[in-house]
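Only the coordinates and a few stated rules stand behind these numbers; no lab work does. Everything numeric here is computed off the predicted structure, so don't read it as measured data. Positions of Cβ are generated from backbone atoms using ideal geometry, with glycine treated the same way; all protein chains shown enter the neighbour counts.
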Amino acid sequence: MALLIVLLLLDVRVTLDHNPNNLAKPDFKFKNIPSPSKNDAATQAKLTMIDGELDQNSAELSALIDGRLPHDEDEPSGNVFFNSGTSGGRFRMDFGSPIDIVQVNTYSWHPGSRGPQLYKLYAADRSEPNLNLDPKRGVDPASCGWKFVALVNTIPERGEDGGQYAASVSDTSGSLGKYRYLLFDCYVTELYNNNGNTFYSEIDVIRK
Ligand SMILES: [Ca+2]
Ligand SMILES: [Ca+2]
């Protein structure tokens, strides 16, 4: 039984893609991941901040699901990003009722250290008896009803960190599961200066 559980966990797959600065264009085309969508399941979802605060130059949280994309590589008002000098934060996505999720795709764009993505993804369907919908930093979501789905890390090992990034979380079975909520636990991608919070342009959720 233990072996079976391990295999099930290993079925979650994270695909990464990157357009370096000289190749990043406003159409967000990638080799391995579809371009952002205007009519995916996230479009109708409700977003709620759980912990952390957005930068004063950031777009509203809803810009993550509005289907709109920044027109150039450094467009604060076209992206959602946590406050400078903070270590990120958490927000929740609510679909209203459980949906069968095939993919969670996240997109970001910045010419420097705000380009890469670093976050943990959790999910819940509301049947969890101890579910805490608002776990603040310091509380492990997995300890209060949330299922850990994946760690997404697009930070390059060397070379430039700017450009367009796309990450896709999926499952080799074809479905990540049926969930009502997703929790995004977002971290700074570097600590050299105060500008390590990712410029998130869009989040797509593809349902079955
Ligand atoms: Ca979308
Ligand atoms: Ca957007």
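The figures follow:
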item: Prolate/oblate/rounded label for segment 14-162 (Cα gyration tensor, a/c 1.5); result: prolate
item: Which listed pairs, of Lys38/Lys147; Lys120/Lys178; Lys46/Lys178; Lys136/Lys178; Lys31/Lys178; Lys120/Lys147, have C-alpha distances above 22 Å, in listed order; result: Lys38/Lys147; Lys136/Lys178; Lys31/Lys178
item: Mean separation of Cα contacts under 8 Å, 6 or more apart, over the residue count of the chain: relative contact order %; result: 34
item: Segment Arg68-Asn39, length gained on full extension (0.36 nm per residue, minus Cα span); result: 9.3 nm
item: Shape category assigned to segment 84-136 from the gyration tensor of Cα positions, a/c cut at 1.5; result: oblate
item: Environment charge of Asn83, counting only residues whose C-beta is closer than 15 Å and scoring Lys/Arg +1, Asp/Glu -1; result: -1
item: Amide H contacts under 5 Å for Leu131, placed H, 5+ residues apart; result: none
item: Euclidean distance of C-alpha centroids, segment 173-208 and segment 101-147, integer Å; result: 6
item: Separation of the Asp94 and Glu60 label points, Cα + 7 Å toward Cβ, nm; result: 1.6
item: Neighbourhood net charge (15 Å Cβ-Cβ; Lys/Arg +1, Asp/Glu -1) for Asn130; result: -2
item: Cut-off 12 Å between beta-carbons: net charge of the residues surrounding Val139, Lys and Arg +1, Asp and Glu -1; result: -1
item: For the chain, calculated [θ]222 nm from helices alone, where every DSSP H run of n ≥ 4 adds -39500 (n - 2.57); result: -1000 deg cm²/dmol
item: Modelled FRET efficiency - R0 35 Å, Thr172 with Ala142, Cβ distances, 0.05 increments; result: 0.95
item: Cα gyration tensor, segment 114-208 - rounded (a/c under 1.5), prolate or oblate; result: oblate
item: Stretchable slack from Leu23 to Ser87, in nm (0.36 nm times residue separation minus alpha-carbon distance); result: 20.1 nm
